1. Only residues that are among the acidic types (Asp, Glu) and exposed (fewer than 11 other Cβ atoms within 10 Å of the Cβ): list them for segment 10-59, please.
2. Is one or more of the residues making up segment 61-76 surrounded by fewer than 11 Cβ atoms within 10 Å (Cβ to Cβ), out of contact with any Gly (no Cβ under 6 Å at 6 or more places or on another chain) and of a type in the set (A, V, I, L, M)?
3. Among the helices (runs of 4 or more DSSP H) confined wholly to segment 2-80, which include 2 or more residues that are modelled with pLDDT of 95 or more and basic (Lys, Arg)?
Amino acid sequence: MDKNKSLNDYIAVYKELLEQGDIQIAYENLRKYVMALKAHFSKKLADKYSFGNVSPGYMDFTYFPFFDDFLRSRMPSPTE
C-alpha cells in the first residue's frame, strides 16, 4: 500500500473500475465456469462423489463442496 494514498483514494479507484463493468463481467464468467465445472464433475464422477451446490461468494471464494463415502463417514453428527 502506497503510504501517500489514503483509503479513500483506493476506494475511488475501485469505484472507477466498477463503473467500467469489467469486474462484474469477470465475476459472472467465473461463476459460470465454476457451475460448468461442477456439472461436468457431477456427470463424470457421480458414482464416486457427492456434490453440493455452488456457493457464489466473492471472486476469490466461489466454490462447491464434494465428498466421498469415506469423508461422509468422518463427518461429526449434528448432536456432537
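1. Just the residues of segment 10-59 that are among the acidic types (Asp, Glu), to begin with: 16, 19, 22, 28, 47.
Within segment 10-59, Glu16, Glu19, Asp22, Asp47 qualify.
2. Step one: of segment 61-76, the residues surrounded by fewer than 11 Cβ atoms within 10 Å (Cβ to Cβ) are 61, 69-70, 72-76.
Applying the additional criterion that residues be out of contact with any Gly (no Cβ under 6 Å at 6 or more places or on another chain) yields 61, 69-70, 72-76.
Add one more test, that the residue is of a type in the set (A, V, I, L, M), and what stays is 75.
Yes; the residues of segment 61-76 include at least one that is surrounded by fewer than 11 Cβ atoms within 10 Å (Cβ to Cβ), out of contact with any Gly (no Cβ under 6 Å at 6 or more places or on another chain) and of a type in the set (A, V, I, L, M).
3. Numbers: elements: 7-20, 22-45, 69-74.
Fully inside segment 2-80 and qualifying: 22-45.
The values are calculated or read from the model by the stated rules, or taken from the named source; none is laboratory data. The structure presented is a predicted model; accordingly, all values stated were derived computationally and were not measured. FYI the Cβ positions are ideal-geometry reconstructions off the backbone, even for glycines, and counts take in every protein chain you see.
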